[in-house]
Structure formats: structure tokens, C-alpha cells
Amino acid sequence: MIDTYRHKGLRKQLIEIVKNKGITDERILNVMMNVPRHFFMAKGFEERAYQDNAFPIAADQTISQPFTVAFQTHLLNISIDDKVLEIGTGSGYQAAVLMELGVKLFTIERQRELFNTSTMLLKKLGYNPFTYYGDGYKGLPTYAPFDKILITAGAPSIPEELLKQLKTGGILVAPIGPRNTQEMIRITKIDDTKYKHESFGKFVFVPMLKGTD
Ligand code: SAH
């Protein structure tokens, strides 16, 4: 796999598009410029890597739209060294963007094939995440609590177990709702019984499913 000047040029154009759609956080735009999205695409889709769209990957899943990756990352309000849990590794693209921001990343995927390919790819690119094959609804109690939790699949309701694994002051970002459309929610944990809820509009994600494949 190579990252040519042509790829870099196309990536620059994509970042402009994402910026024009309202993402002004320079840190996020800069790191997205560092991640070659074409490495994360399924065979046959590499040419479309620098379009601002979601595309199919293995196991009937999708690589998220770059705007959505930037938007969710922005809502997380990332600080360097944050301990972050991602649910839905998928292609590994969102994981790479988070690690470029300097977080310590834990990521869970329930599809064995995607778990295998994204684990290998991230390693090959020099990233060092903790990748897990399992059901994200359970989180990772052994490694909890987390500063931030990001769900990248549409959950019918807020997974309670994940809220428990959030630090006080921590943030969970997730698309919540039925299969056809979800609301982007940000939850800030004030203390064990008090949470602040914010809403950021409609998105469409593949569903968050229970168990493993
Ligand atoms: N972050 C990914 C988005 C992939 S789409 C990317 O950047 O490409 C969402 C992913 O969530 C899919 O790969 C799907 O298999 C996974 N998923 C769905 N339910 C899950 C669950 N309960 N636990 C872990 N992963 C899950």
C-alpha cells in the first residue's frame, strides 16, 4: 500500500469539504490529513476513499463518512492521553484518527473478519491500540473507567453498562435510535447518578447488535 502525492491531494480536498460542512477544529482536520483513508477501504472501493461518504466494508458493515468521523471526534472533546473506548472498530479508520490525536485507545468489534483485518492493518500502520473481539454492549470492565466512550454503530437505547464504565466528568458519544435513523447524543457524567444529555441531530449508522458473529 502506498500513499502517493495524488492521494494526499485528494485528501486535502476532502478535508476542505469536511471543513465547509462545519468542522472547524484544526487539530481534527490536521490529523485527518495524516490518515490515508484508502488503506481502510474494501477492495474495489479504494478509488472512492476521498469522497465524503460511507462505503461498504466486509461483513455487511460500513466505513463511516469522514464528516461523521470528524463530528463524533469533535463531540468527544479529546485531550492527549485520554483513555478512550470505541465500540465498533470496523475498518479501523476512526480508531486511527483518535490515535493520531494521542489517545490511549481500546476498541471492540463483534465481527471476527473485521476484527482480524483492522487489528492487522492498524498494527502495520504503526498504531498501538488494544483491539478486542467481543460484544461492545459489555464494554471492557477490566480496563474501565474510561475518559471517553465512542459508539460508532446505531444503538436502540443508551447502553447502561457503558455509562458505568465512564469516569466522573467523562463523555459518551453515540447515535441512539431505531434502525432507519438515530440522534447523535452526547452524555457527560456529572456523578454516578447525574448525567448531562445533549443532542446533535440525525445520522444513520449500521445497527449495534448484541453478541458476536
Ligand atoms: N468505526 C468504524 C465504523 C464501522 S461501522 C470505522 O471507522 O470504520 C460500525 C461497526 O460496529 C461495525 O463494524 C459493526 O460490526 C460493529 N458493531 C456493531 N455492534 C457491535 C457491538 N455490539 N460490539 C462491537 N462492535 C459492534
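Quick rundown of the values:
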read-out: Odd one out for residue 37, checked against (1) open to solvent by less than 20 Å² (accessible area, probe 1.4 Å); (2) under 25 Å from residue 157 (Cβ atoms); (3) basic (Lys, Arg); value: (2)
read-out: From 68, 73, 24, 89, residue being open to solvent by 50 Å² or more (accessible area, probe 1.4 Å) and closer than 25 Å to residue 148 by Cβ; value: 24
read-out: Complete set of residues in the range 1-16 that are part of a helix (DSSP H, G or I) and open to solvent by 20 Å² or more (accessible area, probe 1.4 Å); value: 5, 6, 7, 8, 9, 10, 12, 13, 16
read-out: Residues (open to solvent by less than 80 Å² (accessible area, probe 1.4 Å) and either under 20 Å from residue 147 (Cβ atoms) or within 16 Å of the ligand (Cβ to nearest atom) (or both)) located in the range 191-209; value: 191, 195, 198, 200, 203, 205, 206, 207, 208, 209
read-out: Check on residue 46, away from the ligand (no atom under 11 Å from the Cβ), touching a helix residue (DSSP H, G or I) at 6+ places or on another chain (Cβ under 6 Å) and without any contact (Cβ under 8 Å) to a residue 24 or more places away in the chain; value: yes
read-out: Those residues of the range 103-128 which are touching an Asp or Glu at 6+ places or on another chain (Cβ under 7 Å), open to solvent by 30 Å² or more (accessible area, probe 1.4 Å) and away from the ligand (no atom under 12 Å from the Cβ), in sequence order; value: 104
read-out: Residue in the range 129-179 that is farthest from residue 208 (Cα to Cα), counting only those that are within 10 Å of the ligand (Cβ to nearest atom) and surrounded by fewer than 19 Cβ atoms within 10 Å (Cβ to Cβ); value: 133
read-out: Matching residues, the range 52-77, being within 11 Å of the ligand (Cβ to nearest atom), among the hydrophobic types (A, V, I, L, M, F, W, C) and under 22 Å from residue 186 (Cα atoms); value: 54, 63, 69
read-out: Verdict on residue 19 being surrounded by 15 or more Cβ atoms within 10 Å (Cβ to Cβ), farther than 18 Å from residue 206 by Cβ, modelled with pLDDT of 95 or more and of a type in the set (D, E, K, R); value: yes
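The values are calculated or read from the model by the stated rules, or taken from the named source; none is laboratory data. Since this is a predicted model, take the numbers as computed values, not measurements. Note that we place each Cβ from the backbone using ideal geometry, even for glycine, and neighbour counts take in every protein chain shown. Each accessible area value is taken on the protein alone, full model and side chains, heavy atoms only, with ligands, DNA and RNA left out. Shrake-Rupley method; radii C 1.70, N 1.55, O 1.52, S 1.80 Å.
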